[in-house]
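What follows is calculated from the coordinates using simple rules that are stated; it is not laboratory data. Since the structure is predicted, the reported quantities are computational estimates derived from the model, not experimental observations. Heads up, the Cβs are rebuilt from the backbone with ideal geometry, glycines too, and the neighbour counts pull from every protein chain shown.
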Amino acid sequence: HLGPGPAKVEMEVEMDYAVRPIWNVIATIPGTAEPDRLVVLGNHRDAWVYGAVDPNSGTASMLETARGLAAALRAGWKPRRSIILASWDGEEYALLGSTEWVEDRLTSLQANAVAYVNLDSAVTGPDLDVGGVPSLRDLVLEAAADLPEPRRGGTLLDAWRARKQGEWARTEPALPETADRRFELHLNPLGSGSDFTAFLDHAGIASLDFSFEGGYGVYHSIYDSFFWMEKFGDPGFQ
């Protein structure tokens, strides 16, 4: 109810409470030099309603990554370390799919996992933003410098740095830049709320979570649809 005045609503809610299986879908590309060492890329598959952004923009990105890796394998490329692509189930129910998978393999993952890269709401607009542990920052900067910015030209790193430096300049006191006070591009700190949680907070595995961000007012609603993505989130799917 919006606006002044009293309002009463009587609701009758019927919930189907049941215990049912959930399914993680896992694909593994064996490494050649260090097959026991794992790099994991994951995104959940379940959504509140249509989930065009959350999680299907991440799923689309992950499937495109899988397509590219398959083409590279057919051309003779092989990874040094093993790569795992994981489609998690049950994320919206409390990160269940990824958490159970990590807990079931905790000792092995703590010994062998190199990094976990998370996709979730991968696209809500044009602006790259990355969260992660500080030890992976330079790797992310190097990757962003190698990738073109699809709408404005230049590299992703150039666009990302320019936007973050502008935000920094607006929020910092108007003092001259010195050696002790200068802009540096950092990764956002990770907390919880997506499938990196079990990897980072429970298993202690270096993790990343990245997205292209913009105005996203349809989170977890029926309006998180293909129409919204096509018209507002990512016109042209670039």
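Would you please name the GluC sites (Glu not before Pro) within region 11-81 that are DSSP coil residues with at most 11 other C-beta atoms within 10 Å of their C-beta?
Details: sites: E12, E14, E64; in loops: E12, E14.
Taking region 11-81 and a limit of 11 other Cβ atoms within 10 Å, the loop GluC sites (Glu not before Pro) found are E12, E14.
Starting from the Cα of F227, step 7 Å along the direction of its Cβ; do the same at L106; then give the gap between the two resulting points in nm.
4.6
Between Y93 and E167, how high is the FRET efficiency from 1/(1 + (r/R0)^6) when r is the Cβ-Cβ distance and R₀ = 35 Å? Nearest 0.05.
On the way: r = 35 Å, r/R0 = 0.99.
For R0 = 35 Å, the calculated efficiency reads 0.50.
Which GluC sites (Glu not before Pro) does region 87-136 hold that lie in a coil by DSSP with at most 14 other beta carbons within 10 Å? Please list the in-between numbers first.
Numbers: sites: E91, E92, E100, E103; in loops: none.
Taking region 87-136 and a limit of 14 other Cβ atoms within 10 Å, no loop GluC sites (Glu not before Pro) are found.
Name the shape class, rounded, prolate or oblate, that the alpha-carbon gyration tensor gives for region 1-45, where a ≥ b ≥ c are the square roots of its eigenvalues, rounded holds for a/c under 1.5, and otherwise prolate holds if a/b is larger than b/c and oblate otherwise.
Values: a/c = 8.24, a/b = 2.76, b/c = 2.98.
The shape class here is oblate.
Find how much the distance from Y17 to A145 grows on full extension, using 0.36 nm per residue of separation minus their present alpha carbon separation; answer in nm with one decimal. Working shown, then result.
Working: separation 128, 0.36 × 128 = 46.08 nm, distance 4.88 nm.
Gain in length upon complete extension: 41.2 nm.
Between A33 and E64, what is the label-point separation in nm under the 7 Å Cα-to-beta-carbon projection?
Between E64 and A33, the label points sit 2.9 nm apart.
In the chain, what % of DSSP beta bridges are antiparallel (nearest 5)?
Among the beta bridges of the chain, antiparallel pairing accounts for roughly 40 percent.
Highest mean first, what order results for 190-199, 53-62 on Cβ atoms within 10 Å? If you can, show how the numbers build up before the last one.
Numbers: 190-199: 20.1, 53-62: 22.8.
Packing order, densest peptide first, comes out as 53-62, 190-199.
Quick query: amide H of I205 versus all other amide H atoms, modeled in the peptide plane; which residues come in under 5 Å with a sequence gap of 5 or more or a different chain?
L200
Once you've got the GNM for the chain with C-alpha springs shorter than 10 Å, pick whichever of W160, W101, W168 has the biggest mean-square fluctuation.
The residue that fluctuates most here is W168.
Scan the chain and note any complete DSSP helix (H) whose C-alpha atoms cover at least 24 Å along its axis and whose Kyte-Doolittle average is 1.6 or more. Walk me through the intermediate numbers first.
Values: long enough: 56-74 (27 Å, 0.13).
Membrane-span-like by this rule: not one helix.
Considering the chain as a Gaussian network with a 10 Å cut-off on Cα pairs, which listed residue, L41, L139, L156, attains the greatest mean-square fluctuation?
Residue with maximal mean-square fluctuation among L41, L139, L156: L139.
In a Gaussian network model over the chain where Cα atoms closer than 10 Å are linked, find which of G131, G31, G166 has the largest mean-square fluctuation.
G166
How many nm separate the modelled label positions at H202 and R137, each set 7 Å beyond the Cα in the direction of the Cβ?
Placing both labels 7 Å along Cα→Cβ, they lie 2.9 nm apart.
Exposed loop trypsin sites (Lys or Arg not before Pro) only (DSSP loop, at most 16 other Cβ atoms within 10 Å): please give the longest stretch of the chain free of them, not including the sites.
Values: sites that count: K8, R80, R105, R151, R152, R182.
Formally, the longest exposed-site-free interval is 9-79.
Name the shape class, rounded, prolate or oblate, that the alpha-carbon gyration tensor gives for region 88-153, where a ≥ b ≥ c are the square roots of its eigenvalues, rounded holds for a/c under 1.5, and otherwise prolate holds if a/b is larger than b/c and oblate otherwise. Mind showing how you got there, number by number?
Values: a/c = 3.57, a/b = 1.57, b/c = 2.27.
Judged from the Cα gyration tensor, region 88-153 comes out oblate (a/c at least 1.5, b/c at or above a/b).
On each of the three principal axes of the Cα atoms of the chain, give max minus min coordinate, whole Å, ordered largest first.
63, 53, 35
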